[in-house]
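Right, one structure below, let's go through it.
The values are calculated or read from the model by the stated rules, or taken from the named source; none is laboratory data. Note that this is a predicted model, so its numbers are computed, not measured. Every residue, glycine as well, gets a Cβ built from its backbone with ideal geometry; the counts of neighbours run over all protein chains shown. For the accessible areas, the whole protein counts, side chains as well, though only heavy atoms, and no ligand, DNA or RNA atoms are used. Shrake-Rupley method; radii C 1.70, N 1.55, O 1.52, S 1.80 Å.
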Amino acid sequence: MREVTEPEELRNLLTGRRCEDKSIGLVPTMGHLHEGHLHLLDEARRENDIVVLSVFVNPTQFSPNEDFERYPRDLERDRRLANQSKVDILFTPTENSMYPRGPSSQEVWVDPGALAEYLCGPSRPGHFEGVATVVAKLFVMVQPDAAYFGQKDAQQSVIVSKLACDLNFAVRVRVVPTVREGDGLARSSRNVYLSADERREAVALFGALSGAESLLGLGERDPRVLEKEIWKYIAEKAPSARIDYVSAVDLYSLLPAEAQLARPTLIAVAALFGSTRLIDNTIVDFISGEVRFGWPSTG
Ligand code: AMP
């Protein structure tokens with residue numbers, strides 16, 4: 001495994017590989033790797049000749065009141081796990097190489113438009129502009145054939161897919177299913193912030209979404225009923241959680257789902273456990289009257 005911190009060095013290295021007709025898969029992360037990230041790496045490994053893992057805690061996607069400073073970092077451990085996952089190139093850019101004039105002097109941004117106005121958007125102003133901008137920079141630096149993102153951060157995955165399409169990046173965006181703890185809690189770098197009590201309650205997000213999946217299996221098609229049931233379940237099982245939203249939305253436009261579900265639908269939740277904001281979701285599609293769960297293109 002090669003570790004590179006300068007975009008110039010990365011470009012030279014990858015140009016050589018591209019000339020050998022090797023395909024390149026990119027997995028962008030903020031590090032503190034867990035099983036979710038490793039699953040993205042496995043997919044990238046399966047589908048590409050060269051796997052590039054980027055580890056960069058991107059300052060521009062954190063609001064001033066968020067956890068940028070205390071976000072968990074452990075590059076030594078990340079190096080070890082990357083090596084075990086057969087990463088070819090570990091890209092660990094400095095803040096200066098991603099933002100040559102400093103993050104606060106960045107003037108040109110990628111604007112995700114209305115897609116950033118729903119779900120997590122209102123609670124995290126500027127977050128998706130920061131994400132879209134750093135992902136666009138990574139796409140330019142790596143020029144991957146495919147890039148791998150998690151279903152857990154579904155709104156981010158929707159925005160990145162549109163970004164690739166609308167800005168003509170020749171990259172296939174692949175969305176990989178959410179990896180969970182044994183009890184169902186979605187793996188997240190932020191889970192380390194949870195107290196024992198919060199951790200016990202946090203599994204309610206998965207419980208509520210599983211309940212909604214069962215209702216869908218039984219024929220429920222009213223998004224408002226599903227939202228209400230999810231809300232009720234979380235309020236009951238996780239009384240200390242502060243629910244930010246429970247929303248059933250169209251997977252591609254992120255607009256509220258229509259009264260009778262018939263299209264790919266994202267059912268997403270966000271809740272605060274203490275000061276830790278957790279998100280989770282399920283995605284449902286309807287094929288010839290049957291319900292199918294998961295991101296449509298990942299099958
Ligand atoms: P992060 O380091 O949190 O920015 O995440 C980097 C990538 O890993 C993003 O595409 C996330 O959606 C993805 N990811 C995070 N948690 C999970 C998970 N539990 N399962 C699958 N992918 C995940």
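Taking every residue in the stretch 178-189 that is without any contact (Cβ under 8 Å) to a residue 40 or more places away in the chain and pairing it with any residue that is of a type in the set (Gly, Ala, Ser) and near the ligand (Cβ under 6 Å from one of its atoms), at least 6 positions away or on another chain, the pairs with Cβ-Cβ distances below 7 Å are Arg180/Ala186. Within the stretch 139-157, the only residue that satisfies the criterion of being surrounded by fewer than 23 Cβ atoms within 10 Å (Cβ to Cβ), within 16 Å of Met98 (Cβ to Cβ) and within 16 Å of the ligand (Cβ to nearest atom) is Phe139. Within the stretch 96-118, the set of residues being assigned to a loop (DSSP other than H, G, I, E, B), surrounded by fewer than 18 Cβ atoms within 10 Å (Cβ to Cβ) and aliphatic (A, V, I, L, M) comprises Val108 only. For the residues Asp250, Asp244, the requirement of being in contact with a Ser or Thr (Cβ under 6 Å, 6 or more places away or on another chain), open to solvent by 10 Å² or more (accessible area, probe 1.4 Å) and of a type outside the set (Phe, Trp, Tyr) singles out Asp244. Selection of the stretch 110-128 for residues being over 15 Å from Ala268 (Cα atoms), of a type outside the set (A, V, I, L, M) and touching a helix residue (DSSP H, G or I) at 6+ places or on another chain (Cβ under 7 Å) yields Asp111, Pro112, His127, Phe128.
Among the residues that make up the stretch 210-223, is at least one of them within 16 Å of the ligand (Cβ to nearest atom) and either open to solvent by 10 Å² or more (accessible area, probe 1.4 Å) or of a type in the set (A, V, I, L, M, F, W, C) (or both)? Scanning the stretch 210-223 turns up at least one residue that is within 16 Å of the ligand (Cβ to nearest atom) and either open to solvent by 10 Å² or more (accessible area, probe 1.4 Å) or of a type in the set (A, V, I, L, M, F, W, C) (or both). When Ala136 is tested against (1) open to solvent by 30 Å² or more (accessible area, probe 1.4 Å); (2) more than 14 Å from the ligand (Cβ to nearest atom); (3) farther than 19 Å from Ile279 by Cα, exactly one condition is not met: (1). The stretch 1-95 holds helices (runs of 4 or more DSSP H) entirely within its bounds, and those carrying 3 or more residues that are within 20 Å of Ser188 (Cα to Cα) and open to solvent by less than 20 Å² (accessible area, probe 1.4 Å) map to 35-47. Of all the listed residues (Gln143, Gln156), the sole one being among the polar types (S, T, N, Q) and free of Cβ contacts under 8 Å to residues at least 60 places away in the same chain is Gln156. Within 13 Å of the ligand (Cβ to nearest atom) and of a type in the set (Lys, Arg): is that true of Arg73 in this structure? The answer is yes for Arg73. Pick from the stretch 158-208 the residues that are of a type in the set (A, V, I, L, M, F, W, C), within 16 Å of the ligand (Cβ to nearest atom) and closer than 15 Å to Phe273 by Cβ: which of them is surrounded by the most Cβ atoms within 10 Å (Cβ to Cβ)? By that ranking, first place goes to Leu205.
Counting the residues of the stretch 173-184 that are under 30 Å from Asp145 (Cα atoms) and assigned to a loop (DSSP other than H, G, I, E, B) gives 3.
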